[in-house]
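Down below is the structure, laid out as structure tokens.
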Amino acid sequence: MADRLLSSRVWAGQAAGRLWVAQERDRPSGPEMADYPRACSRCGVLTAEADFGADRSKKSRHKSHCRACERADYASRKDELQARRDAVREAARQARLKELEVGHREKVAATKREQEAGVRRQKKLLRELGVPDWSPEELAERDEFAQCA
């Protein structure tokens with residue numbers, strides 16, 4: 001069956017890309033095919049073939065309801081669909097912020113470790129040189145004592 005379909009197709013190159021174009025004999029036919037114009041399954045209005053959306057899963061290759069009904073359905077659910085898209089977008093945004101927060105915490109911790117290592121190296125150097133290592137409180141206390149004397 002697949003070989004018959006592939007062999008009956010015509011290759012057509014187009015500027016936008018390559019496209020398989022089915023010949024007329026590939027289109028389903030018979031009593032199960034609805035002739036056009038046919039009635040829309042939702043509104044019941046007789047509608048031309050061009051006014052039905054494409055649906056390759058259907059035997060007729062068209063949706064069972066017309067485009068006007070699709071637009072009306074979308075218009076009635078537009079706010080709900082937008083809210084769903086917004087919720088998905090916000091969830092993705094929150095996940096990204098959480099990733100950034102974790103990365104930021106790791107960077108802050110690494111910077112703190114690096115700063116503490118620098119302080120330890122400085123204190124070690126001062127000890128090796130024989131310079132007293134006084135804290136700011138000890139220096140303030142020493143200066144107060146020197147001023148009193």
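The values are calculated or read from the model by the stated rules, or taken from the named source; none is laboratory data. In this text, all values refer to a predicted model and were calculated from it rather than measured experimentally. Quick reminder, even Gly has a Cβ in these numbers, built from the backbone with ideal geometry, and neighbours come from all protein chains shown.
Details
- The residues listed here are 105, 96; of these, the one that is farther than 30 Å from residue 51 by Cβ, over 22 Å from the mean Cα position of the chain (by Cα) and without any contact (Cβ under 8 Å) to a residue 40 or more places away in the chain is 105.
- Unmet criterion (only one of (1) at pLDDT below 90; (2) within 28 Å of the chain's Cα centre (by Cα)) for residue 59: (2)
- Pairs, first in a helix (DSSP H, G or I) in region 124-140, second surrounded by 11 or more Cβ atoms within 10 Å (Cβ to Cβ), C-beta under 7 Å, six or more apart: 126/133; 127/133
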